[in-house]
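What follows is a single structure, written as structure tokens, with notes after it.
Read-outs throughout are calculated quantities, based only on the coordinates presented, and are distinct from any laboratory measurement. Predicted model only: the values in this text are computed from it and were never measured. With ideal geometry, Cβ positions are generated from the backbone for all residues, glycine too; neighbour counts draw on all protein chains shown.
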Amino acid sequence: MTTFKEISGQLIRTLSSDPANPLEGQIWYNSTIGVLKGYKSIGAAWSSSSPTINAKFNRGTAGTQTEGLVAGGQPATSATEEYNGVGWSAGGNLNTARDQLGGFGIQTAAVVFGGNVPPYTSATELYNGTSWTNNPTGLNVARQSYTGCGLQTAGLAFGGIALQI
């Protein structure tokens, strides 16, 4: 059987803790926890892009890395913005201005739902890449801060905060 020393010309060092600044490709045995370890840099995981047009938070979101969508936001607004992988541009406005809403789908077939109008709402709206349409089938419970996933034709809304009286 070939050993690591025969392949790399180095022995695997036994250390009582992980090295403070390991080198790319370095391998060691951590004797304190009994684990063989190695170091591989994965590079930068995040990058910056252009900011949205309006500085808002608690927005409904949908889309992909190169075709994103944000709608609504706090303070309550009906603004929609579309991302093309480089920058943001204005899209069609929501029918009802609100914040703390959820969303899912793709830029040309998105859904936003719930939120705070006030009061909390169960309303849903559908986006076709140009304009929003009120969906007559709202959510079962009026909530804000929902989370969503899926496509416009097969999505899921979950979580959120229900109004307590």
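Students often get this wrong, so try it: which of (1) 46, 36, 31; (2) 43, 29, 24; (3) 69, 40, 30 is Cα extents along the principal axes in Å as calculated from the structure shown?
Checking each listed value against the structure points to (3).
Please identify, among ASN54, ASN140, ASN95, the residue showing maximal mean-square fluctuation in a Gaussian network model of the chain using a 10 angstrom Cα cutoff.
Answer for the Gaussian network model of the chain: ASN140.
Under a 5 Å amide H to amide H cut-off, with H placed in plane at 1.01 Å, what residues pair with GLY160 once short-range neighbours are removed?
For GLY160, the qualifying residues are THR147.
Please report, in debye to the nearest 20, how large the charge dipole of the range 13-90 is about its Cα centre when each Lys and Arg carries +1 at its beta carbon and each Asp and Glu carries -1 there.
Dipole magnitude for the range 13-90 comes out near 280 debye.
For labels at PHE57 and THR32 in the simple 7 Å Cα→Cβ model, what's the distance in nm?
Distance between label points: 3.7 nm.
Rank THR14, THR108, THR80 by mean-square fluctuation in a GNM of the chain with C-alpha springs under 10 angstrom and give only the top-ranked residue.
THR14
How big is the gap, in Å, between the Cα center of the range 26-70 and the Cα center of the range 131-149?
For the range 26-70 versus the range 131-149, the Cα centre distance is 29 Å.
Determine the gain in length on full extension of the stretch CYS149-LEU23; use 0.36 nm per residue of separation and subtract their C-alpha separation, reporting nm with one decimal.
41.4 nm
Report the far tail of the P(r) of the range 96-165, meaning the percent of Cα-Cα pairs longer than 16 Å.
Value for the range 96-165: 40 percent of Cα pairs lie more than 16 Å apart.
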